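None of the figures in this text is laboratory data; all of them are computed from the coordinates on show. Note that the structure is predicted; figures quoted are calculated from it, not measured. Cβ: placed from backbone, ideal geometry, glycine included. Neighbour counts: every protein chain shown.
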Amino acid sequence: MKVQNIVNILKAEILAEGDLQEEVKTACGSDMMSDVLAFVKDQSVLLTGLVNPQVVRTAEMMDMHCIIFVRGKRPDETVLSLARQKDITILATPYRMFTACGLLYEKGLEGGCDVS
Amino acid sequence: MSMLQLRYSVPGDDFTRAGEASGDVKHKLKKLGYNPSAIRRVSIAMYEGEINMVIHAGGGEANVDVDPDKVVIVLTDHGPGIADVEKAMQEGWSTAPDNVRSLGFGAGMGLPNMKKYSDEMTIDSVVGQGTTLKMVVYAQSEKS
């Protein structure tokens, strides 16, 4: 799917706009950044309830294109301007973490970590 | 003589700036056209290291030497040192204060992640004096 599809599925507000036509295949949902950093599998979307600049840094190191803040959380301007510098799209959705992940998974976005 | 020598001072009092040096290294390696998978491993390993220096040691210095075949990252701090390096390497073991957990770190995954993403890692630590951590990431590696 494209980032624009995520905006529609999650009834999300665009807080920082990168490339909305960017194709994304996998996502990761976590409030613990070290857990996000523990799996490198071309994950391009991060769903989190944590709102600080380290979320953007983590996404940057992982080459992620889109960060979704769940349950209506809004980051401050420091976070948004950092995201704009790095060309990362920031979205805010009213859905809670579990629901937001479920809605995207249902529409074909995968986790990227297979259990063998 | 390395292709590129980068020197950073990592401020210890500003958590929001942790990761600036790693972001800059990532940017410069991209410009050099370095292997993308090696770039990602360098960035993540160094980022975890930067976070550690801010959380535990009041900041420090980061020296990065880039060669065509490898990137060598040396992180030096003058913090409290690591009393038991073996224990610190265990996943889930952490001495980070609770407020760090609310920032998304301090789950005891930093050092294990750094070991996982680097090809070589050595820790030289003296309690009361500080820690020097060296990581080598090869441009071509089976970890890629």
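Structure data summary
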read-out: Cα-based shape type of the stretch A:3-106, given that a ≥ b ≥ c are square roots of the gyration tensor eigenvalues and the cut on a/c is 1.5; value: rounded
read-out: Residue A:85-residue B:61 pseudo-label distance in nm [points 7 Å out on the Cα-to-Cβ vector]; value: 2.4 nm
read-out: Cross-link pairs beyond the 24 Å C-alpha cut-off, checked among A:25/B:115; A:2/B:31; A:86/B:31; A:73/B:28; A:73/B:31; value: A:25/B:115; A:2/B:31; A:73/B:28; A:73/B:31
read-out: Mean separation of Cα contacts under 8 Å, 6 or more apart, over the residue count of chain B: relative contact order %; value: 27 percent
read-out: Residue-averaged 222 nm ellipticity for chain B, from DSSP H runs of 4+ at -39500 (n - 2.57), nearest 500; value: -10500 deg cm²/dmol
read-out: Considering only the protein assembly as shown, percent of DSSP beta bridges that pair antiparallel, nearest 5; value: 75 percent
read-out: Antiparallel bridge percentage (DSSP; both residues within the stretch A:3-106; nearest 5); value: 20 percent
read-out: Leading residue at positive end of dipole, the protein assembly as shown (Cβ point charges), from B:71, B:135, B:15; value: B:15
read-out: Inter-chain shielding of A:54-63 (mean C-beta neighbours from other protein chains, 10 Å cut-off); value: 6
read-out: Inter-label distance for residue B:93 and residue A:2, nm, one decimal - labels placed 7 Å from Cα along Cα-to-Cβ; value: 5.0 nm
read-out: Residue A:17-residue B:28 FRET efficiency (beta carbon distance; Förster radius 35 Å; 0.05 resolution); value: 0.85
read-out: Cβ charges +1 (Lys, Arg) and -1 (Asp, Glu), total dipole of chain A, debye; value: 360 debye
read-out: Ellipticity estimate at 222 nm from DSSP helix runs (n ≥ 4, -39,500 (n - 2.57)) divided over chain A, nearest 500; value: -9000 deg cm²/dmol
read-out: In degrees, nearest ten, helix B:36-57 long axis to first principal axis of chain B (Cα); value: 30 degrees
read-out: Local electrostatic count, residue B:140, Cβ distance below 15 Å [Lys/Arg +1, Asp/Glu -1]; value: -1
read-out: Charge dipole (debye, nearest 20) of the protein assembly as shown; +1 at Cβ of Lys and Arg, -1 at Cβ of Asp and Glu; value: 480 debye
read-out: Fully extended contour minus Cα-Cα distance, from residue B:140 to residue B:74, at 0.36 nm per residue; value: 21.8 nm
read-out: Peptide-level mean, for B:14-25, of C-beta atoms on other protein chains within 10 Å; value: 3
read-out: Choice from A:73, A:41, A:86 with maximal GNM fluctuation in chain A (Cα, 10 Å cutoff); value: A:41
read-out: Sequence of B:15, B:105 once ranked by neighbouring C-beta atoms within 10 Å, starting from the fewest; value: B:15, B:105
read-out: Mean separation of Cα contacts under 8 Å, 6 or more apart, over the residue count of the stretch A:53-116: relative contact order %; value: 33 percent
read-out: Computed FRET value (nearest 0.05) for residue A:41 with residue B:83, which takes r as the C-beta separation and R₀ as 35 Å; value: 0.50
read-out: Long-range HN-HN contacts of residue A:2 with modeled amide H, under 5 Å; value: A:24
read-out: Net charge dipole size for chain B [Lys, Arg +1 and Asp, Glu -1 on Cβ; Debye, nearest 20]; value: 500 debye
read-out: Label-point separation, residue B:127 to residue B:2 (7 Å along Cα→Cβ), nm; value: 3.2 nm
